[in-house]
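Throughout, read-outs are computed from the coordinates displayed, never taken from laboratory work. This one's a predicted model, so the numbers in the text were calculated from it and none came from an experiment. A quick note on method: Cβ atoms are made from the backbone with ideal geometry, for glycine too, and the neighbour counts reach across all protein chains shown.
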Amino acid sequence: MSNTVKVQPDLKFVKELQAVGGDSLKKCYQCATCSVVCPLSPADNPYPRKEMVWAQWGLKDRLVNDIDIWLCHNCGTCSDLCPRGAKPGDLLSALRNMAYRNLGPLPIIGKWMSSSAGILPLAAIPAILYGIIWVVMAGKVGSFLPRFEFVDHAWKPVQEGGQIAFGGLFPGDYTIDPVFMLVFAFMLWAFFTGVRNMIKAFDSQPKTFIVGRKSAPTMLQALIDTFQYEILQHTQFNDCNDADADELDVKRAKGHRWLMFSFIALMIVTGVVATGHWGGWLLRTLGIESLGAIVSAIGHTPMPFYHPIKMLALVGAGLGVYGLIALTKRRVNLDAAKQSSSWYDWYLITLVWVIFGTGIGALVFRVVGAGILAYPTYYVHLIAVFMMLAYLPWSKLGHLVYRTVALSYAKKIGRIPMGADK
Ligand code: HEM
Ligand code: SF4
Ligand code: SF4
C-alpha cells in the first residue's frame with residue numbers, strides 16, 4: 001500500500017506572500033530553468049525552483065525556515081530567463097521581506113513597515129519627538145531660527161550676528177545623544193531577538209552530510225570569512241550576474257559596495273564626534289582640563305572643511321550618493337515584466353536618499369546662512385536618521401545583520417563554501 005502524503009497549504013500565507021512582492025508565483029510550471037541559470041545556487045538541492053513549488057503549495061514552514069532565501073543576491077537572472085514570467089527572484093525577495101516583518105519582536109512595527117500606509121505612524125513618532133524639542137528649545141533661546149556664538153564650551157543665543165548651530169537648537173547632551181543611544185539600544189535588542197529566532201529556525205532544519213568535508217568551521221570562523229569575502233570583497237555579489245548582464249547590473253555590486261563604505265565612513269565620523277564631545281566632558285569633569293579641551297576640540301562641530309573628520313564625512317557622503325545613483329538607476333530601469341520593486345525596496349532607497357539629501361542640504365544651508373531652510377532641513381534629517389536606525393531590523397536594511405548571520409551559518413553547515421574554497 002502506498003503512503004499518502006498530505007499537503008496542508010496555508011492559503012493565508014500565500015496571499016500574504018503575494019502582497020509583499022510574490023504576486024506572480026502562480027504562473028510557474030516548474031521547468032527549473034531558474035535553478036539552472038542562477039549563478040549562485042548550489043548544484044545540490046538548488047534554489048529558486050523548489051521555493052516556487054513550496055510557495056504554490058503554501059508550505060509556510062518550509063519557506064520561513066529556508067536559509068536559501070538569504071543566499072540569493074537578487075540579480076534577477078532567473079526572472080529574466082523564466083519562460084513564464086513567474087519572477088522567482090521576486091519571490092525570494094518577498095520571502096526576505098516577510099522575514100524582516102516576522103523575525104524580530106513588536107510585530108506592529110513589521111506591519112507598519114510592510115505598506116505605504118504605515119509610514120504615517122513610523123514618521124510621526126520622531127516628528128513629534130523632535131517637534132517638541134524644537135518648540136521647547138525655541139522658547140528657551142527666544143527664536144525658532146536662532147543664531148549662536150560658542151562661548152565656554154556651549155552655544156549662547158545672540159540677537160545680532162552669530163551663526164546657525166544645530167547643536168544650539170537641538171542640544172546633543174540632553175536631546176539628540178540620549179535619544180539616539182536609546183534608539184540604538186532598542187535596535188540591538190530587536191536584532192538580538194531576530195537573530196536568535198533566525199538561528200532557531202535554521203537549527204530546526206535537517207542538515208546534509210557533506211561527503212569529503214574534513215571539518216566544519218565554527219560560527220566565528222564563518223563570520224570572519226563572511227566579513228572578508230562577502231562584505232569587504234563582495235565576492236558573491238560580484239558573481240551574481242549573468243553572462244550578458246548589462247552595465248547597470250554590473251554597477252549594482254559596485255554601487256552597493258560604495259554605499260556600504262560610505263555608511264562605515266559616516267559611522268566613524270559620528271563615533272569621533274561623540275567620543276570627542278563626551279570624552280572631553282568627562283576629562284574636564286575629572287579636572288584634566290587641558291587634555292579635556294584638546295579632546296573636545298577634536299569632536300567640536302561644526303568643523304572647518306579642512307578638518308580630517310569633516311573631509312572623511314564629505315568623502316563618505318560623496319561615495320554614498322555615487323552608490324545610490326547606481327542602485328536607483330538600475331531599479332528605475334528594471335523591466336517590470338520580469339522583475340518588480342516592492343514597497344520594501346523603494347522605502348529603503350528613498351529613505352537613504354532623504355538622509356543624504358537632507359544631510360548635505362543642511363550643511364549647505366548652514367554655510368550660506370539660510371536659517372529658514374537649514375533648521376527645517378536638519379529637522380527632517382533627524383527624523384529620517386531616527387527612522388533608519390529605530391526600525392532597521394524590520395526594514396530591508398535589516399539584511400546587513402540577517403544576511404551576514406545567514407551567510408555565516410550557511411558556511412558553517414557547508415551549504416556554501418568558505419571564501420578560500422571557491
Ligand atoms: C551599511 C551597510 C549596508 C548598506 C547601507 C546596504 C544598502 C543596501 C541597499 C540600499 C540595497 C538595495 C539595493 C537595491 O534595491 O537594488 C542593498 C541590497 C543588498 N545588500 Fe546591502 N547594505 C549594507 C550591508 C550589506 C551587507 C553586510 C551585505 C551582505 C552580507 C549586503 C548584501 C546585500 C545584497 C545581497 C543586496 C541585494 C539583495 C536585495 O536587493 O534584496 N548588504 N543593500
Ligand atoms: S519560476 Fe519560471 S523558470 Fe523557474 S521553474 Fe517556474 S516557470 Fe520555470
Ligand atoms: S535573483 Fe539571482 S541569485 Fe537570486 S535566485 Fe535568481 S538568479 Fe539566483
For the chain, cysteines with no other Cys Cβ under 4.7 Å from their own Cβ are listed as C28, C31, C38, C72, C82
Mean-square fluctuation maximum in Gaussian network of the chain, Cα pairs under 10 Å, restricted to A190, A123, A337, hits A337
Taking a straight Cα-to-Cα line shorter than 29 Å from K411, and setting aside same-chain lysines fewer than 8 residues away, one finds K50, K60, K87, K200, K207, K214, K251, K254, K396, K422
In whole angstrom, the spacing between the Cα centers of the range 22-89 and the range 352-407 equals 34
Helix 371-390: inclination vs the chain longest Cα principal axis, degrees, rounded to 10, gives 40
Eigenvalues of the alpha-carbon gyration tensor of the range 239-397, times 5 and square-rooted, give semi-axes in Å, largest first, of 36, 17, 15
From fewest to most C-beta neighbours within 10 Å, the residues K60, K27, K200 line up as K200, K27, K60
With T = 20 °C, eta = 1.002 mPa s and Kirkwood Rh from C-alpha pairs, the Stokes-Einstein D of the range 11-102 in µm²/s is about 169
Largest fluctuation, K411, K329, K140 only, Gaussian network model of the chain with Cα springs under 10 angstrom, belongs to K140
Residues E289, E160, E149, E16 in order from fewest to most other beta-carbon atoms within 10 Å are E160, E289, E149, E16
Given the candidates V14, W70, A99, the one whose Cα lies deepest towards the positive end of the charge dipole of the range 11-102, counting +1 at each Lys or Arg C-beta and -1 at each Asp or Glu C-beta, is V14
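What is the calculated FRET efficiency for I108 to V332, with r their C-beta to C-beta distance and R₀ = 41 Å, to the nearest 0.05?
Efficiency for this residue pair is about 0.80.
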With a Förster distance of 25 angstrom and the Cβ-Cβ distance between I268 and K156, calculated FRET efficiency to the nearest 0.05 equals 0.25
Expressed as a whole-number percentage, the relative contact order of the chain with C-alpha contacts under 8 angstrom and at least six residues apart is 21
Rg/Rh over Cα atoms for the chain, Kirkwood Rh, comes to 1.03
Longest principal axis of the chain (C-alpha) makes with the long axis of helix 247-285 (C-alpha) an angle, in degrees to the nearest 10, of 40
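In which sequence would M219, M387, M187 go, from the one with the fewest C-beta neighbours within 10 Å to the one with the most? It would help to have the intermediate numbers written out before the result.
Working: M219 14, M387 23, M187 20.
Listed from fewest to most nearby Cβ atoms, that is M219, M187, M387.
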